[in-house]
Structure formats: C-alpha cells, structure tokens
C-alpha cells in the first residue's frame with residue numbers, strides 16, 4: 001500500500017502543502033502519473049496538477065527532454081539493431097530465454113506540426129499531440 | 001520530416017498551412033516488438049520503427065524490419081522471434097504468405113499471420129454488413145435478426161469498425177441469448193447466426209485469454225476456422241468487397257500460424273500474439 005500511486009500522490013500533496021518545499025523530488029510513481037497525464041491531455045494535466053499540488057508543466061517538459069529518443073521514422077538498419085539491443089538490455093529477465101513478436105500496423109496520419117526538438121515539420125496521428 | 005533549420009516563423013507557418021505544397025504521407029506503418037515475460041514493471045510493447053507512406057503502399061519495410069529483428073535474435077541467442085503479425089490489408093498479404101511458406105519449408109524460425117482481432121472485425125463486413133448474402137447449406141446468415149432481437153444498434157450498424165469492444169459485445173452471450181429468443185423466425189437462420197457469433201467469440205477467446213491451455217486454444221481456433229470458412233456467398237455486385245475470399249485467406253493464414261506459435265509458447269503468454 002505504501003508503494004501505491006495514491007500514497008505517492010498524497011506524499012507530493014503533503015510535502016508542498018505548507019509552501020516551504022516548492023521543488024521537492026517527486027516519487028517515481030507520482031512523476032510517471034503526471035507525465036502520462038500531460039501526454040494524454042494538457043488541459044487535464046493543468047487541472048490535476050494544480051489541484052493536487054503536482055509539478056509544473058516546465059518540470060515535465062524538462063524531464064521528457066532528458067529521456068527523448070531519436071525519431072522512429074529516421075533510423076537506419078544499424079540504428080534499428082542498436083535500439084533493439086538497448087531495449088533488450090533494460091529487461092530484468094533478458095538472460096533467460098525471451099520470446100518476441102513483431103507487429104506491423106498502419107495508422108492514418110492527419111496533422112502536420114512543427115517539432116522544435118527535431119527542428120522539423122512532422123506528421124502526427126492526432127491533433128493534440130505536442131512535440132516539443 | 002522536413003528540416004526547418006534556419007527558417008523564419010513565417011516560413012514555418014506557411015509550410016504548416018493546409019494549402020501549402022508539402023506532400024504529406026497518408027499513413028504511418030509502425031513496427032512494434034512485443035516481449036513475453038518482460039519482467040516486473042516493464043512494458044511488453046516497444047515501438048521499434050515506423051515508415052510514413054501513402055495508403056496501403058507496398059514497400060520493403062516489413063521485410064527489412066523482420067530481417068533485422070530475426071537476425072538480431074539469432075545473434076544474441078537469448079531472444080527468439082516467434083511470430084510476425086500484420087493486419088489484413090492486401091499490401092501485406094504477400095509478405096505474410098511468403099514468411100509463412102518459408103516457415104513451413106523450414107527456412108524461417110518464425111511464423112507470420114494476420115491479426116486475429118482484425119480478422120474477426122473484417123468478418124463483419126460480409127457477416128452483418130450486408131455486402132453479400134452469406135449462406136450456410138440451406139440457411140442464410142441473416143443480420144436482420146439482430147434488430148429484431150433488440151440488439152443495440154451500434155453493434156450491427158457499426159460506426160467505429162476499428163473498435164475491438166464492439167465485436168466483443170456483438171459476439172457476447174447476451175447477444176446470442178437475445179437472438180435465440182426469436183422463436184417465430186426461421187429456426188435455421190437463427191441457429192446459424194447464434195453459432196456464428198459463438199465461433200467468432202471462441203476465436204477471440206482462444207487468442208486473447210490468459211488462462212487457457214495451448215491444446216484448448218488450438219482446438220478452439222481450428223473449430224472456429226472450419227465454421228467461419230464454410231460459408232458460401234452470393235452477390236449481385238461481384239466486387240471484391242462483397243465476397244469472402246480475402247477473409248478466408250486471412251483466417252487460414254492466421255489459424256495455421258497460430259497453431260505453431262501456440263504450441264511453441266506453451267509456458268508463455270499467447271495473448272501477446274496480437275495487435
């Protein structure tokens with residue numbers, strides 16, 4: 001129970017309640033929750049974060065920028081291999097036999113947007129996708 | 001991607017304008033790797049690569065990505081590629097068939113299949129979509145029985161063809177129970193519709209459930225395949241959309257491939273063999 005998201009959110013709330021600790025280190029679960037919330041809907045994030053004394057938008061953007069990976073549409077065969085190997089090595093049970101499947105699916109592209117990170121124009125699946 | 005380094009705000013805005021001369025891709029083909037038993041706290045899904053393209057464009061993307069993953073798994077030794085799945089569009093059919101034939105000849109170590117959920121969703125175009133008259137022996141698969149039985153309209157007049165939930169609700173016990181109450185209708189057609197819905201659900205259960213034993217899964221899949229590929233069809237239009245040849249091909253591909261994949265994944269999660 002102490003490792004639950006509910007407790008993590010409560011910890012964030014209580015830490016910032018008195019206004020003394022304005023920028024505390026957030027529990028991983030709470031941070032993941034706020035990142036997921038921001039990627040789903042910016043408005044929802046504003047609402048939730050403001051009411052639960054969560055991190056500001058800029059904190060989330062800084063965090064996302066540190067973990068950003070190269071675009072998946074601009075990779076060569078060698079990049080594909082290194083990307084896959086890097087992912088495999090993060091798996092805790094990779095030493096044991098691992099079974100994998102490859103899924104290939106099509107998605108409709110609708111919106112042309114600018115990506116400040118890539119310094120490029122990109123096509124996105126949904127209008128609300130924000131590439132920063 | 002279009003490089004905008006050095007462009008002014010106005011130039012970027014003009015490029016973003018819907019009337020600009022930028023040629024836009026219509027689709028993004030995404031390759032997702034799923035890993036069985038990835039460990040606690042790790043997602044089984046990993047987006048590996050993607051390719052912007054025109055609608056249903058034929059390219060070597062499938063072949064290239066499969067070849068990279070397959071050769072890497074062989075080299076690493078601890079990972080092995082079990083299957084490659086795509087949706088049922090015609091542009092991927094040749095690739096899927098080629099890979100499956102290669103597997104059956106012993107040249108490949110992985111099977112290739114058309115995704116089960118896509119197949120079941122596609123079956124509705126003929127089954128309840130009304131694009132052709134679907135016949136089983138002396139009986140007709142009659143979609144008009146669904147509104148008569150009081151089944152919710154969104155299940156038989158489908159708006160979201162991509163939703164998995166709509167298929168699950170259509171082929172649910174509740175729908176079959178409603179249709180089975182139509183005692184004043186022609187008994188053969190009522191039975192045909194009920195059994196078809198049952199087999200649609202059985203097929204989805206065989207692949208998506210986490211609990212069934214692999215022998216049961218294979219039996220369910222094979223039985224469903226026999227029923228769902230036994231229909232005849234009559235269409236005054238005679239177009240591709242109104243016959244079930246493509247459906248049959250996809251159902252057969254899927255079943256043959258999954259029989260091997262399931263036997264191989266005895267201790268693992270078969271339900272990850274889907275999109």
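The values are calculated or read from the model by the stated rules, or taken from the named source; none is laboratory data. Treat the numbers as computed from the prediction; the structure is a model and nothing was measured. Quick reminder, even Gly has a Cβ in these numbers, built from the backbone with ideal geometry, and neighbours come from all protein chains shown.
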Discussion item. Just the residues that are surrounded by fewer than 14 Cβ atoms within 10 Å (Cβ to Cβ) and more than 7 Å from every other protein chain (Cβ to nearest Cβ), please, taken from segment B:1-12.
Written reply: B:6, B:8, B:9, B:10, B:11
Discussion item. Just to be sure before I move on: is residue B:92 within 11 Å of another protein chain (Cβ to nearest Cβ), closer than 23 Å to residue B:207 by Cβ and assigned to a helix (DSSP H, G or I) in the structure I sent?
Written reply: yes
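If we keep just the residues of segment B:77-89 that are more than 21 Å from the chain's Cα centre (by Cα) and surrounded by 15 or more Cβ atoms within 10 Å (Cβ to Cβ), which is nearest to the other protein chains (Cβ to nearest Cβ)? Can you show your working first?
First, the residues of segment B:77-89 that are more than 21 Å from the chain's Cα centre (by Cα): B:77-80.
Okay, now just the ones that are also surrounded by 15 or more Cβ atoms within 10 Å (Cβ to Cβ), so B:79-80.
On the way: B:79: 4, B:80: 6 Å.
Step by step, filter segment B:77-89, then rank; the result is B:79.
Condition test on residue B:35, is it under 20 Å from the mean Cα position of the chain (by Cα), on the phi < 0 side of the Ramachandran plot, surrounded by fewer than 13 Cβ atoms within 10 Å (Cβ to Cβ) and within 9 Å of another protein chain (Cβ to nearest Cβ)? Show your work before the answer.
Numbers: under 20 Å from the mean Cα position of the chain (by Cα): yes; on the phi < 0 side of the Ramachandran plot: yes; surrounded by fewer than 13 Cβ atoms within 10 Å (Cβ to Cβ): no; within 9 Å of another protein chain (Cβ to nearest Cβ): yes.
Taking the combined requirement at face value, the residue does not satisfy it.
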Worksheet item: Do we find a residue being within 7 Å of chain A (Cβ to nearest Cβ) and either touching a residue at least 24 places away in the same chain (Cβ under 8 Å) or under 28 Å from residue B:161 (Cα atoms) (or both) anywhere in segment B:13-24?
Response: yes
Practice prompt. Hey, can you tell me all the residues within segment A:50-69 that are at pLDDT below 85 and not in a helix (DSSP H, G or I)?
Written response: A:67, A:68, A:69
Worksheet entry | Residue within segment B:127-141 that is assigned by TED's automatic domain parsing to the domain that holds residue B:226, modelled with pLDDT under 85 and assigned to a helix (DSSP H, G or I) present | yes
Worksheet item: Is it true that residue A:26 is at pLDDT 75 or above, more than 10 Å from chain B (Cβ to nearest Cβ) and either on the phi > 0 side of the Ramachandran plot or assigned to a strand (DSSP E or B) (or both)?
Response: no
Response to the item:
Given the conditions (1) touching a strand residue (DSSP E or B) at 6+ places or on another chain (Cβ under 7 Å); (2) farther than 30 Å from residue B:33 by Cα, every one holds for residue A:21 apart from (1)
Practice prompt. Identify, by number, the condition in (1) more than 10 Å from every other protein chain (Cβ to nearest Cβ); (2) more than 30 Å from residue A:90 (Cα to Cα); (3) assigned to a helix (DSSP H, G or I) that residue B:74 doesn't meet.
Written response: (2)
Discussion item. Among the residues in segment B:189-201, are any farther than 23 Å from residue B:223 by Cα, out of contact with any strand residue (DSSP E or B) (no Cβ under 8 Å at 6 or more places or on another chain), in the same structural domain as residue B:221 (by TED's automatic domain parsing) and without any contact (Cβ under 8 Å) to a residue 60 or more places away in the chain?
Written reply: no
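Looking at residue A:47, is it in a helix (DSSP H, G or I) and in contact with a strand residue (DSSP E or B) (Cβ under 9 Å, 6 or more places away or on another chain)?
Details: in a helix (DSSP H, G or I): yes; in contact with a strand residue (DSSP E or B) (Cβ under 9 Å, 6 or more places away or on another chain): no.
No, not satisfied.
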Practice prompt. Could you tell me which of the residues B:42, B:15 is farther than 21 Å from residue B:246 by Cα, over 19 Å from the mean Cα position of the chain (by Cα), in a loop (DSSP other than H, G, I, E, B) and not assigned by TED's automatic domain parsing to the domain that holds residue B:257?
Written response: B:42
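Just for segment B:57-71: of the residues that are under 24 Å from residue B:122 (Cβ atoms) and out of contact with any strand residue (DSSP E or B) (no Cβ under 8 Å at 6 or more places or on another chain), which one is farthest from the other protein chains (Cβ to nearest Cβ)? Give the derivation first.
Within segment B:57-71, the first condition is being under 24 Å from residue B:122 (Cβ atoms), and the residues that meet it are B:57-59, B:61-63, B:65-66.
Checking which are out of contact with any strand residue (DSSP E or B) (no Cβ under 8 Å at 6 or more places or on another chain) leaves us with B:58, B:63.
Numbers: B:58: 12, B:63: 10 Å.
My answer is B:58.
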Discussion item. What's the total number of residues in segment B:50-64 that are farther than 14 Å from residue A:106 by Cβ and in contact with a helix residue (DSSP H, G or I) (Cβ under 8 Å, 6 or more places away or on another chain)?
Written reply: 2
Worksheet item: Mind checking which residues of segment B:95-115 are assigned to a helix (DSSP H, G or I), buried (at least 18 other Cβ atoms within 10 Å of the Cβ) and away from chain A (no Cβ under 11 Å)?
Response: B:100, B:103
Worksheet entry | Subset tally (residues that are modelled with pLDDT of 75 or more, touching a strand residue (DSSP E or B) at 6+ places or on another chain (Cβ under 7 Å) and within 17 Å of residue B:219 (Cα to Cα)) for segment B:232-275 | 7
Item to complete: Being surrounded by fewer than 16 Cβ atoms within 10 Å (Cβ to Cβ), in contact with a helix residue (DSSP H, G or I) (Cβ under 8 Å, 6 or more places away or on another chain) and modelled with pLDDT of 70 or more is the filter here, so list the residues in segment A:70-113 that pass it.
Response: A:77, A:85
